[in-house]
Amino acid sequence: MGSESLRKLRFAVIGLGKMGLLHASLLNTFEDVQLVALCDKSALMTRVCRSIFRARARSTGVVVVNDLDQFSELGLDAVYVTTPISSHSFIVKDLYAKGIVRNVFTEKTLASNYDQSKEMCEFAKKIGGITMVGYMKRFSVVFRKAKELLAQGKLGEPYSFSAYAYSSDFLGLTKDSKSSASRGGALRDIGCHIIDLALWLLGDLKVSDVVSSYEIGDSETSASFTAVNSNGLEGRFDISQRMPNYRMPEFGCFIECPQGKIDVNDDRLRLTLGDNSQKIWYRHDLKDNVCFSLGETEYYRENLKFVNSLLENRMCQPNFDTASKVDYIIDQVRKKVAKYE
Amino acid sequence: MNDQVRKLLLVGDNPFQGISHLSQERARSRGGAIVSPGGQAANIVLTSLKNGADGFSFSVSELALSILRTLRERKSIGQVSLYAMVPYAFEYVRVAAQTGTPGLVKSFVKQVTLSGDVGAMLEGLWSAVRMDPEGFVNTYLAYELSRIKSSAGKQAKLVSVLLNEVIGDMGLALDFDWLFRSFIGYLSKRRITPGFNTRNFPYFVKKFDEWGIDLDEILIVTPFNKAGFQMNPSKEECERTLANMSCPAVLAISVLAAGYYKPSNVVDYLASLNNLKGIIVGVSNEQQASETFKLFRERL
């Protein structure tokens, strides 16, 4: 069958903040995808986007709406939900309930709490579509290298780790920050990425203790906690949006195994073996090129994974079930903080 | 020196801004978010010029503007050809992170109002009423030009204004040819060369070709380095596209692959790229400035 006779996948994006526009842009570069609709509840954003998409609308029919119901007749193959976290649950349930779409990509975190996540997983299971959650750090070449080294098994079973997620986003803020709350606090905003990476690299973890938590307004801007697994692995997470000199958010993990140590962050991986010999891989060494780069290269790979899963009709990771584990851990940390208070 | 046309050499501002694309750790170890106060950075720019650089390429941030003010106070601004990159996305993303998108819009409107550029304000207001995206582009550019001019003064030689890759590549992906046409139109009327920073060079050239936009009158700023770092979709494809261009419109960045190589390791590679118009390279101190630009001027 010639490629001309293949129908393009029809995609829509809900939420026209920076993540919505980033995904819409990347999707528009895929040959197998047609971006057909955008949605934002803000009348102003809808007006602005209608105006800037007007030329495209003439040539390709992309529509900009402010009501999900207008998606019903579009024959969509997949929808991206990139709205604030607090709205993920009801938007996704609405999409499923109204039969608008079966395949859904949701920006991280999946929901505002584990109960909502569980409910979304059940809905998705009933519908039977493909799901994905935007834990894009898994698609970074350096973290993939760490996964590859651990999977080889030559280093042995990890017995200790420390993981961090730092940014300077709220450094120096003293009053309540509405934005921090809408972004879900440090745990949901940046902590979720390192929790997902740790679960991906090390397997299931259980929160053992909360070391500290600092709140501004209703949400934490930093938190430290420890976690364990059933094989005796122990580790610590340090998450903060108030660290000095983190121009961009940074994520990293130090993993100790019997035969060596892995020290990995967004930029490089350092492997130290038992004889103290070291090897370092930077992004440069790990073929970090993509067909179209916008933001970080991992965004392209993440979108490619979702699109290919649809084309091949196979499950995609991290899906709703996988991502709900992150929400579970965040809930555990918050429950422990509340208990101590 | 080879027998090619003399390459344009520009000193970049990434090290001044505390940016390292090799690793954030490295940037922090150099001293954090802002490593060079205006005076020190101005010395580095002047040392670069003395040793063969032709100009200064910077993102329009408060730090870069303070460097321009220092150069002006020292009566050196006239010697420096200026290549300004807009917007300084980091500042806008940071405001959006702290206050949300509505807060960013309010902050931007306030800045334009405080800039005192009546023309920009009126055009902005009119564009808002008509929801005219080209008008927004013009208002934004008028605002940035007024910031540069008020810091650099009348003696300054603003050669080019370049669109940051975050916006440019998004426009490219979304087929927003109007964005590029507006940008080019506004700047060309003011005899400023329009330029575009992209991490998708072959895609950029293909799109401009499709849209029928002439590459002869613009600058393209894009990574070229031995490692293929940030060269998408591949080093080979970027090199092939460069070789096939009919005019030298490309300024290479990330030539040291963000500090992965030393200047002496890359000079032969850069010299082999005949179709390059020039390079932009950042330096952290005066010694580096002197060594790097001497070498590049001699060999490129």
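Each value in this text was obtained by applying a stated rule to the coordinates, not by laboratory testing. In this text the structure is predicted, and so the values were computed from the model without any measurement. FYI the Cβ positions are ideal-geometry reconstructions off the backbone, even for glycines, and counts take in every protein chain you see.
Just a yes or no: is a residue in segment A:95-107 away from chain B (no Cβ under 14 Å), among the hydrophobic types (A, V, I, L, M, F, W, C), in a helix (DSSP H, G or I) and loosely packed, with under 15 Cβ neighbours inside 10 Å? Yes, some residue in segment A:95-107 is away from chain B (no Cβ under 14 Å), among the hydrophobic types (A, V, I, L, M, F, W, C), in a helix (DSSP H, G or I) and loosely packed, with under 15 Cβ neighbours inside 10 Å.
One line per residue, one yes/no per condition, for (1) in contact with a strand residue (DSSP E or B) (Cβ under 9 Å, 6 or more places away or on another chain); (2) more than 14 Å from chain B (Cβ to nearest Cβ); (3) more than 26 Å from A:Val141 (Cα to Cα):
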{"residue": "A:His193", "(1), (2), (3)": "yes, yes, no"}
{"residue": "A:Thr221", "(1), (2), (3)": "yes, no, yes"}
{"residue": "A:Thr226", "(1), (2), (3)": "yes, yes, yes"}
{"residue": "A:Gly232", "(1), (2), (3)": "no, yes, yes"}
{"residue": "A:Arg236", "(1), (2), (3)": "yes, yes, no"}
{"residue": "A:Pro249", "(1), (2), (3)": "yes, no, no"}
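Limited to segment A:253-288, what total is found for residues that are facing chain B (nearest Cβ under 9 Å) and in contact with a strand residue (DSSP E or B) (Cβ under 7 Å, 6 or more places away or on another chain)? Let's see the steps before the verdict.
Taking segment A:253-288 and keeping what is facing chain B (nearest Cβ under 9 Å), we get A:265-268, A:282-285, A:287-288.
Still in the list and also in contact with a strand residue (DSSP E or B) (Cβ under 7 Å, 6 or more places away or on another chain): A:265-268, A:282.
Counting residues in segment A:253-288 that are facing chain B (nearest Cβ under 9 Å) and in contact with a strand residue (DSSP E or B) (Cβ under 7 Å, 6 or more places away or on another chain) gives 5.
Among residues that are in contact with a Leu (Cβ under 6 Å, 6 or more places away or on another chain), more than 10 Å from every other protein chain (Cβ to nearest Cβ) and of a type in the set (Val, Ile, Thr), A:Val33 is included.
Looking only at residues of segment B:175-208 that are more than 15 Å from the chain's Cα centre (by Cα) and not in a helix (DSSP H, G or I), we find that the one that is farthest from B:Phe136 (Cα to Cα) is B:Asn200. Restricted to segment A:217-256, and to residues there that are touching a residue at least 60 places away in the same chain (Cβ under 8 Å) and β-branched (Val, Ile, Thr), the residue that is nearest to A:Gly153 (Cα to Cα) is A:Ile255. Return yes when A:Asp275 is surrounded by fewer than 22 Cβ atoms within 10 Å (Cβ to Cβ) and within 30 Å of A:Leu22 (Cα to Cα) and no when it is not. No: the conditions fail for A:Asp275.
Residues in segment A:296-309 that are surrounded by fewer than 22 Cβ atoms within 10 Å (Cβ to Cβ) and farther than 15 Å from A:Arg138 by Cα were compared, and the one that is nearest to the other protein chains (Cβ to nearest Cβ) is A:Asn308.
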